[in-house]
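Down below is the structure, laid out as structure tokens.
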Amino acid sequence: RDDVQLAGGKGANLGDLVQAGLPVPSGFIITSSAYRYLIEKAGLGDRIKEMLQEFDRHSNEKLQDSSSQIRELFADVTIPDDLVRSILEHYRQLGESVMVAVRSSATAEDLAGASFAGQQDTILNVKGEDALLKAVRRCWASLFNSQAIFYRDHYGFDSRKVSMAVVVQKMVNSEKSGVSFTVDPVMHNHYAMIIEAVWGLGEGVVSGQITPDHYKVDRETYELLLEFVPDKPFMFCKGAGKSGVVKVPTSPDKVSARVLTDDELHQLVDLGNKVEDHFGCPQDIEWGIEDGTIYLLQSRPITSL
């Protein structure tokens with residue numbers, strides 16, 4: 001958790017969970033040093049600095065223009081050969097053309113004072129070396145998404161001094177996904193855990209396109225204090241033959257069905273308690289369930305308490 005400047009907020013927290021023996025998908029991190037190496041070798045530093053000088057967070061048009069121009073620099077940037085070799089060597093260690101999730105992990109992200117949640121890109125269902133390198137470029141470019149530039153400026157972070165690490169993990173093809181808040185973030189109740197769940201991949205919860213099941217559970221007794229099970233007519237799953245995810249109709253037997261079993265709720269409460277105990281503060285946790293196994297995909301401090 002102390003390696004945020006090297007691994008970014010997301011990567012540092014995931015590494016900490018791995019060290020604690022908690023169930024995190026295997027993978028590797030392309031560090032912020034690699035990002036800075038790319039910027040130096042490709043000569044992008046001065047160009048980015050110049051474009052950021054045109055940034056005006058009070059003008060949406062100028063903000064979008066600055067963001068677009070900077071991100072275009074990364075679209076076809078030549079990655080140094082030694083960095084390409086290193087990235088692909090670690091990718092091959094995960095398996096033969098294995099499917100991976102490629103997640104942005106900025107050095108100003110998932111911090112106690114500002115989460116930066118959703119500001120940078122995550123690309124799911126990435127397969128093959130060319131697709132991986134393309135996804136990595138996209139993650140580097142997303143450091144300059146318009147909302148990320150605006151958010152950093154609002155919280156006093158200098159965009160010129162922020163770097164981007166990239167997390168590459170084996171893809172969890174979740175049958176069920178969701179988020180856990182180890183403290184009720186609305187009522188500020190430290191004795192209740194809020195768990196939200198959908199069928200398929202977690203994009204439905206993260207994007208807000210699907211109203212998830214909502215459970216409030218006593219974190220000591222496991223008593224179910226509140227349950228809301230809405231219809232979930234759609235779900236997200238991996239796309240066929242390409243990176244990313246697709247939105248598909250939920251099978252009729254699952255539309256109105258409860259996503260999580262009592263045993264899965266029990267396991268998620270236990271994991272939530274362990275993660276909060278490990279970090280020492282309330283956590284916002286993303287997870288996925290594949291073949292009955294719960295995997296932790298990321299964890300960040302809850303900043304709204």
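For the residue pairs Lys41/Lys127; Lys127/Lys247; Lys176/Lys254, the alpha carbons lie more than 22 Å apart in Lys41/Lys127.
Between Glu290 and Ser68, what FRET efficiency comes out of the Förster formula 1/(1 + (r/R0)^6) with R0 = 35 Å and r the beta carbon distance, rounded to 0.05? Efficiency computed from Cβ-Cβ geometry: 0.45.
Based on the convex hull around the alpha carbon atoms, the chain presents an average projected area of 15.9 nm². Solvent-accessible surface of the chain, taken per residue with a 1.4 Å probe and all protein chains present: 47 Å². Taking packing as the residue-averaged number of other Cβ atoms within 10 angstrom, the listed peptides 67-73, 7-13, 228-234 run from highest to lowest as 7-13, 67-73, 228-234. If R0 is 35 Å, the Cβ-Cβ spacing of Asp262 and Lys127 corresponds to a FRET efficiency of close to 0.45.
Only protein heavy atoms count here; on that basis, with a 1.4 Å probe, Cys281 has an accessible area of about 40 Å².
Rolling a 1.4 Å probe over the protein heavy atoms of segment 183-257, with every protein chain left in place, gives an accessible area that is 56 percent carbon and sulfur. GNM remark for the chain: springs join alpha carbons under 10 Å apart, and the peak mean-square fluctuation among Leu201, Leu94, Leu143 falls on Leu94. Here the sum of -39500 (n - 2.57) over DSSP H runs of 4 or more residues, divided by the residues of the chain, equals -11500 deg cm²/dmol at 222 nm, to the nearest 500.
The angle between the Cα long axis of helix 262-279 and the main principal axis of the chain comes to about 50°, on a 0 to 90 degree scale. Full extension of the chain segment joining Met187 with Lys161 gains 5.7 nm, where the gain is 0.36 nm per residue of separation less the Cα-Cα distance.
Only aspartates and glutamates eight or more places from Lys170 in sequence, or on another chain, were considered; those with a Cα closer than 16 Å are Glu89, Glu96, Glu129, Glu286, Glu290, Asp291.
The values are calculated or read from the model by the stated rules, or taken from the named source; none is laboratory data. Remember, it's a predicted structure, so these values are computed and weren't measured experimentally. Backbone-built Cβ (ideal geometry, glycine too); neighbour counts: all protein chains shown. With ligands, DNA and RNA removed, areas are computed over all heavy atoms of the protein, side chains included. Shrake-Rupley method; radii C 1.70, N 1.55, O 1.52, S 1.80 Å.
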